[in-house]
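Beneath this line is the structure, given in structure tokens, with notes to follow.
Where a number appears in this text, it was derived from the coordinates with a stated rule and is not lab data. Source: prediction; values computed, not measured. All Cβ positions, glycine included, derive from the backbone under ideal geometry; neighbour counts span all protein chains shown.
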Amino acid sequence: MDNAPTSLCGAVQEATERLKAWFEMTPWDQGSTSLESINHMTVALAAGFTAYFAPADVAERFVIPTDYLCFLQANNGWREPGDGYGLYMHGTSLVISNTQYLCDVMAEMRPATAGMWIEIGHYLDKHDLFLCCDRQLPYIGMVVDGHDDHPWIPDGYINSWVMEGNPTPYSSFFYASFLQYLHSIER
């Protein structure tokens, strides 16, 4: 994180500042720092993925993209006020628990090619937002809207385009980066 490009973090910060007019930001817990929480999240997610991937593969392939780390350094998530079905960007604790829960539920059906994805948010009742954190996949850093879907469902939309190598038919459901996703929700 210390080596994060200043311009990328600056762009994420600018987008986040513009979004503060519409979202309630979640502050960091008293006595907790963002860096400690981010490090804890990274270690916990990597440890969780070792239940489904060889530890050496996790060590080599798992990485949280810089733009998302820049976001987390400034914000421990947010929510759209007044609407229980609004957009929620998870704080580090929910990223860990929701990712682990969904991995546990989907483990038996996971294709070997599916890779490592984390759940970073949701909206409405069936839209989970996943971030690709697998260096082995060409979609590293991509955010996808899993409408009643998960990257580990073999015949789901997400896995289908990963297997086909062609996300074009699903262009309204994916964003090339977390920063692009932030820009997409600006009003």
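Going by neighbour counts of Cβ atoms within 10 Å, the residues Trp117, Trp161, Trp78, Trp22 line up, fewest first, as Trp22, Trp161, Trp78, Trp117.
Would you mind ranking His122, His127, His90 so that the residue whose beta carbon has the fewest other beta carbons within 10 Å leads the list? Could the numbers behind the result be given before it?
Values: His122 21, His127 16, His90 25.
Ascending Cβ contact count within 10 Å gives the list His127, His122, His90.
Cys residues of the chain that find no other Cys beta carbon under 4.7 Å: Cys103, Cys132, Cys133.
Of the residues Asp128, Asp57, the one with the fewest other Cβ atoms within 10 Å heads the list, and the complete ranking is Asp57, Asp128.
Full extension of the segment from Thr113 to Glu60, taken as 0.36 nm per residue of separation minus the current Cα-Cα distance, would add 17.5 nm. Considering only alpha-carbon pairs that sit under 8 angstrom and 6 or more positions apart, the relative contact order computed for the chain is 21 percent. Working note: 222 nm ellipticity from helices only, DSSP H runs with n ≥ 4, each -39,500 (n - 2.57), summed and divided by the residues of the chain, gives -12500 deg cm²/dmol to the nearest 500.
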